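What follows is a set of notes on a single structure, which appears directly below.
The values are calculated or read from the model by the stated rules, or taken from the named source; none is laboratory data. Please read these numbers as outputs of a predicted model, since none were measured by experiment. Positions of Cβ are backbone-derived with ideal geometry, glycine not excepted, and every protein chain shown enters the neighbour counts. For the accessible areas, the whole protein counts, side chains as well, though only heavy atoms, and no ligand, DNA or RNA atoms are used. Shrake-Rupley method; radii C 1.70, N 1.55, O 1.52, S 1.80 Å.
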Amino acid sequence: MKNGIRWFALAVVSAVVVSSAALALQPVTKEQLVCSGPYIFAGRVLSAVNKDCRLTKAAAECSQAQKNDVQLEVVITRILGIRPELASPAMALRVGQTIRPMTVAQTSPYYKEAYDDFSGPNFMGAYDALLSDERVNSAYVGRELLFSGGPAVVRTWNLDGVRWAQDTMAVGTRTPERICHTPL
């Protein structure tokens with residue numbers, strides 16, 4: 001009887017392990033990130049200020065998600081695509097409009113380039129490094145960047161990624177799920 005219970009318990013544990021592995025989350029792709037917001041647009045960054053929680057509170061009071069939040073001021077120069085089901089008419093974006101979205105500056109001791117694989121800006125430093133306004137300004141201000149998001153929150157890419165974003169939109173709008181923006 002004990003052997004039967006052991007084998008049954010082993011079978012249950014094995015089934016749980018196998019099913020858990022099958023349900024494991026896959027890493028998010030850059031294509032999923034670019035398709036996640038209501039707009040894909042190009043814009044020129046006019047200003048950037050680090051709004052890291054640790055600048056106003058003790059580090060223990062700040063979550064990882066609040067580290068190196070950056071407030072941008074961006075003038076929109078070109079709208080590439082829109083997801084009407086995500087875009088609010090009350091907060092529609094237009095060329096020439098200036099918006100003040102938040103983004104997150106990523107730091108890692110392994111970054112070699114400020115922009116790689118159409119992502120960025122990337123900052124070399126410890127994962128929890130507090131970025132100075134000087135570093136944030138030099139990475140963003142005066143640059144034309146590719147954005148995905150809306151007037152409140154954006155993700156950024158190097159402007160060299162425009163062709164990739166357009167190709168991603170074209171492929172994504174032909175799938176039954178219509179997982180990306182309608183190209184304009």
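Annotations for the structure displayed:
- Residue within segment 158-169 that is open to solvent by less than 80 Å² (accessible area, probe 1.4 Å) and in contact with a His (Cβ under 7 Å, 6 or more places away or on another chain) present: yes
For (1) among the basic types (Lys, Arg); (2) open to solvent by less than 20 Å² (accessible area, probe 1.4 Å); (3) out of contact with any strand residue (DSSP E or B) (no Cβ under 8 Å at 6 or more places or on another chain); (4) at pLDDT 90 or above, each residue gets a yes or a no:
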site	(1), (2), (3), (4)
Glu144	no, no, no, yes
Thr156	no, yes, no, yes
Thr173	no, no, no, no
Pro176	no, no, yes, no
Cys180	no, yes, no, no
Leu184	no, no, no, no
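- Ala92 vs. criteria touching a strand residue (DSSP E or B) at 6+ places or on another chain (Cβ under 8 Å) and closer than 28 Å to Ile179 by Cβ: no
- In segment 91-102, the residues that are open to solvent by 40 Å² or more (accessible area, probe 1.4 Å) and within 14 Å of Tyr39 (Cα to Cα): Met91, Ala92, Arg94, Val95
- Enumeration of residues in segment 24-52 that are hydroxyl-bearing (Ser, Thr, Tyr), under 14 Å from the mean Cα position of the chain (by Cα) and at pLDDT 80 or above: Ser36, Tyr39
- Pairing each residue of segment 26-37 that is under 14 Å from Pro183 (Cα atoms) with any residue that is part of a helix (DSSP H, G or I), provided the two are 6+ apart or on different chains, yields C-beta distances under 7 Å for Val34/Ala165; Val34/Thr168; Cys35/Thr168; Cys35/Gly172.
- When restricted to residues that are free of Cβ contacts under 8 Å to residues at least 40 places away in the same chain and either surrounded by 15 or more Cβ atoms within 10 Å (Cβ to Cβ) or under 20 Å from Trp157 (Cα atoms) (or both), segment 45-62 contains 2.
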